[in-house]
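A.B. asks: Shown below is the structure under consideration.
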Amino acid sequence: MFMIEQLFGSKTRVKLLQLFCSNPNRAFYVREITRKIDEQINSVRRELANLLSIGIIASDTTNNRLYYEVNQEYEFYQPLRAIFGQGAHIADDQNVKKATPHAQNTESEKIKALGNVELALYTGQFTRDDSSGIDALIVGDVNQHALQRFMSELEAQEGKDIRYTVMPSQEFNYRRQIKDRFISTVLAAKKQVLIDKNEIF
């Protein structure tokens, strides 16, 4: 890590690159970023301005709040993903990005611990695409008490209510097969895939 900090010139910059490259399609506002990487807000603002000027990240305003996310059109996006996302698979579909091993060590691992989870994805508030009407979809056989605890912790961590849907694999597969409107809309929305055992994406 120290060598990477030397190469990129700043501990805060390295942490930001890890956050953004590990969470493609996720958008963050400044105070949320500051909390997640545990750095001073002035340092975060300075490095965000640097990354914006280079074109590594992009910014956009939603509900009078400025959000930042990685710019997947950036010329050196894939090499940066290889460094800061531990070489995660990069899907061709711009609406679908797999979470990296770095991210999987946290939220994905917690979701896996809920039971036999075949598919887990974030959309809605996480990706600023509210077309699906939900923020998270979990498919599989999960422990309901563990799920409620995980969601409560996630809501506390994110500082907002999370709208989520959980369904058994059989129901999901059937609804996907008949092109159920809700499932089709969720799968078409901008999303971050955390678990995908059956390689749907």
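A.B. asks: For the chain, what size does the Cα cloud have along each of its three principal axes, sorted from largest down, in whole Å?
C.D. replies: 50, 34, 33
A.B. asks: Just tell me the longest site-free run in the chain, where the sites are GluC sites (Glu not before Pro) in a DSSP loop having at most 11 other beta-carbon atoms within 10 Å.
C.D. replies: No qualifying site falls inside 76-198, the longest such stretch.
A.B. asks: Then there's this: Could you name the lysines whose alpha carbon sits less than 16 Å from that of residue 36, not counting residues in the same chain fewer than 8 places away?
C.D. replies: Those lysines meeting the cut-off are 11, 15, 160.
A.B. asks: Here is a follow-up. Could you work out the helix-only [θ] at 222 nm for the chain, with each DSSP H run of four or more residues adding -39,500 (n - 2.57) and the total divided by the number of residues, to the nearest 500 deg cm²/dmol?
C.D. replies: Calculated at 222 nm, the ellipticity per residue is -12000 deg cm²/dmol.
A.B. asks: Could I ask something else about it? Using the Cα atoms of the stretch 96-196, I'd like the radius of gyration and the largest Cα-Cα distance, Dmax, both in angstrom.
C.D. replies: 12.8, 36
A.B. asks: State to the nearest 20 debye the size of the charge dipole of the stretch 2-84 about its Cα centre, where the only charges are +1 on K and R beta carbons and -1 on D and E beta carbons.
C.D. replies: So the magnitude is around 260 debye.
A.B. asks: Å³ per residue of the Cα convex hull, for the stretch 118-166?
C.D. replies: Given the Cα convex hull of the stretch 118-166, per-residue volume reads 68 Å³.
A.B. asks: Positive end of the dipole of the chain, charges at C-beta (+1 Lys, Arg; -1 Asp, Glu), about the Cα centre: which of 72, 136, 52 has its Cα farthest in that direction?
C.D. replies: After comparing all options, I get 52.
None of the figures in this text is laboratory data; all of them are computed from the coordinates on show. Note that the structure is a prediction, hence the values are computed from the model and not measured. Please note: Cβ atoms are built from the backbone with ideal geometry, for glycine as well, and neighbour counts cover all protein chains shown.
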